[in-house]
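**Student:** One structure coming up, written as structure tokens, with questions to follow.
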Amino acid sequence: MDNFYIESFQKLPNYLLTMSQSARLLGNKDYRFVEKLIQDGLLKTYSIPGKKKVFLRYHEVMKLPQPKE
């Protein structure tokens, strides 16, 4: 069996992600899942001047509580 090295997400750059990218990162295909998390106050959005899209920070998305299995 191969040994795997899992790097902490904290060491990676804190990219700005779209809602679709954030949804995929959380294992969901639909951006409306992330929209619901934003409405519930679990995620904060950021905007870039001149852009209509809203963005989320990679580290904030990764810090979301995970459901128990």
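**Student:** Which ones in the stretch 6-18 are open to solvent by 60 Å² or more (accessible area, probe 1.4 Å) and either without any contact (Cβ under 8 Å) to a residue 12 or more places away in the chain or of a type in the set (G, A, S) (or both)?
**Tutor:** Listed by number, the residues that qualify are I6, E7, K11.
**Student:** Could you list, in sequence order, all residues of the stretch 19-34 that are open to solvent by less than 70 Å² (accessible area, probe 1.4 Å) and not β-branched (V, I, T)?
**Tutor:** Within the stretch 19-34, M19, S20, S22, A23, L26, N28, D30 qualify.
**Student:** Next up: Give me the pairs: first residue in the stretch 49-69 and more than 17 Å from N28 (Cα to Cα) and open to solvent by 100 Å² or more (accessible area, probe 1.4 Å), second residue modelled with pLDDT of 90 or more and aliphatic (A, V, I, L, M), beta-carbon distance under 9 Å, and six or more apart or on different chains, which are they?
**Tutor:** K53/M19
The values are calculated or read from the model by the stated rules, or taken from the named source; none is laboratory data. Since the structure is predicted, the reported quantities are computational estimates derived from the model, not experimental observations. So basically every Cβ, Gly included, is an ideal-geometry build from the backbone, and we count neighbours across all protein chains shown. Please note that ligands, DNA and RNA were not included when accessible areas were found on the heavy atoms of the full protein model with its side chains. Shrake-Rupley method; radii C 1.70, N 1.55, O 1.52, S 1.80 Å.
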